[in-house]
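Report on one structure; see the data block that follows.
The values are calculated or read from the model by the stated rules, or taken from the named source; none is laboratory data. Note that this is a predicted model, so its numbers are computed, not measured. Cβ: placed from backbone, ideal geometry, glycine included. Neighbour counts: every protein chain shown. The area values use the complete protein model at the heavy-atom level, side chains included, leaving out ligands, DNA and RNA. Shrake-Rupley method; radii C 1.70, N 1.55, O 1.52, S 1.80 Å.
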Amino acid sequence: MGRFTAFRFTADPPPSQVVVLVRHTGAARFAFNQCLALVKDALDVKHRGGSVVVPWSGFDLINAFNSWKVSAQAGRRFVVDSAGSATIATTGLSWRAQVCQQVCEEAAVDLGRALTAWADSRSGKRPGGRMGFPTFKRKSRTQPSFRIRCKTKAGRASIRVGDPMAGPRSICLPRIGVLGVREDTRRLRRMIRGGRAHIRYATVSCRAGRWTITVTVEAAHLHPARQHPPRPHADSGGWVGIDRGLTALVVAADTTGRQRLRVTDPPRPLRTALPRLRRLSRQVTRKRRGSRNRAEAVTRLARAHHRVANVRRHFLHKVANHLVKTHDRLALEDLYTAGLLRNRRLAAAISDAGWGQLARIIGYKQHWRGGQVTRAPRWYPSTKMCSACRIVGPALPLSVRVFRCDGCGHTADRDVNAAVNLAVWAEQHHIHTQPQTRDPEARGPVTKASRRTGSGQRPSAGATSPDDGGTHRYGHP
């Protein structure tokens, strides 16, 4: 097994199963909040000078929650007989037998990862922006979701896709039962049947009123016929530069100046759906807070936003698939998208283009095929540098679409010139690297969904880790 991938299916549960799914999402949220409360209580005791072991890792949090849920602190249920005497019937959570216990354990693991990320961010071990301390999850603001890990007992997996007794379009989850899905599961079933994929876990979530099941599998490498042939270590050629823009979403060119791909007609789903989004947003504001009409209006608005994201994601996958199938070496520019979004005139267009998402998709798809992807430095002057004489000229405004060199008189399309410069940079700074596959348990960039980060401040406990104790035009021009 060499890579991790995910298959997302749209579930179609009946009302009886919706109740069960909602119960499991509530259990996951409750377990996360309770584990966070245990951590905060232990931190407060330690901050006051007490001697206590703070549960910090996922393993410690699971043990702490399992001990708490059967104690009297979690609740007690009394039974009163006819004589009026009360006896304790149940100690602990009375509903713990109604949900799969893995849901609570995975919620504790998620909290452990969040605490580790916060500690690493404070100590400087984690790159990127400052991470906040995890906060409690609210029912009204948290996306309902839970995760169940696949376990094998007596040669039978707990998560089964296309069970013969339930039909091909079904997924069987422990303690929940068989859930019907709308998409075809043939491809995943063939991979599992042939031993080329093993299910790791399944994530059930509800977005915009629609239930989805994401099955994460550990799959084998792609067939050698679908992979790029390896290049010699000394070979530094074959690079294709990719320039991302707004007028043309993607322009790809090699070092010789030949244009390999130009995507000039992206769908721009946000711009297309903006009138509808504005109308739905006005309907939400006109409804009384807490009413059923407002909840229904919010659901309609969420579905419209969800469709915009799906249209954009589908198109970016088409563009990325075409690039990684036809070229084994791709060079992109490290764009500072967060800084570019500060421009109020271009923020909507940049967000609608999905530059960062396209780079991420190209990265893991190219690694799957054994190719290489490199990124030029953020301040590399790919736009204002002449691809013929390598002279850096003045900055070009966005209205200028043709590059003209004052030194040698070279004239080229602005985007093609930038793509050629990126390819030349990759050829000059070629470093032979082997494709890497990251385990999704480490939360590497192999999943297609970003995870939320907590916010808020917590007083320092003395240590950072207190656990001491199609495109539509794919042809060449």
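Some notes on this structure:
- Estimated [θ] at 222 nm from DSSP helical runs (n ≥ 4, -39500 (n - 2.57)) normalised by residues in the chain, nearest 500: -12000 deg cm²/dmol
- Database note for the chain: Cys without another Cys beta carbon under 4.7 angstrom, C35, C100, C104, C150, C172, C206.
- Long-range lysine pairs (8 or more apart or interchain), the chain, Cα under 25 Å: 20
- Based on protein heavy atoms only, the chain ends up with 54 Å² per residue of surface accessible to a 1.4 Å probe.
- FRET efficiency, W379 to L222 (Cβ-Cβ, R0 45 Å, nearest 0.05): 0.80
- Gap separating the Cα centres of region 348-396 and region 3-41, nearest whole Å: 38 Å
- Mean Cβ neighbour count within 10 Å, used as a protection proxy, ranking 394-404, 158-168, 212-222 highest first: 212-222, 158-168, 394-404
- Integer Hz, Karplus 6.51/-1.76/1.60 couplings in order for region 69-85, x for Gly and Pro: 5, 9, 8, 5, 5, 7, x, 9, 10, 9, 10, 9, 8, 5, 7, x, 8
- Residue-normalised convex hull volume from the C-alpha trace of region 1-138: 203 Å³ per residue.
- Restricting the trypsin sites (Lys or Arg not before Pro) of region 161-248 to loop positions (DSSP other than H, G, I, E, B) with no more than 13 neighbouring Cβ atoms within 10 Å leaves R182.
- The phi torsions of region 19-24, fed into the Karplus equation with coefficients 6.51, -1.76 and 1.60 and a -60° offset, translate into couplings of 4, 5, 5, 4, 5, 6 Hz, rounded to whole numbers, with Gly and Pro shown as x.
- Which label in [x] 176; [y] 218; [z] 350 gives the computed volume of the Cα convex hull per residue in Å³: [y]
- Region 240-294 - percent of accessible surface contributed by carbon and sulfur, probe 1.4 Å: 45 percent
- Vicinal HN-Hα couplings computed from phi for region 211-228 (Karplus, 6.51 cos²θ - 1.76 cosθ + 1.60; Hz; Gly/Pro x): 8, 10, 10, 9, 9, 8, 10, 9, 10, 6, 4, 5, 4, x, 5, 9, 9, 6
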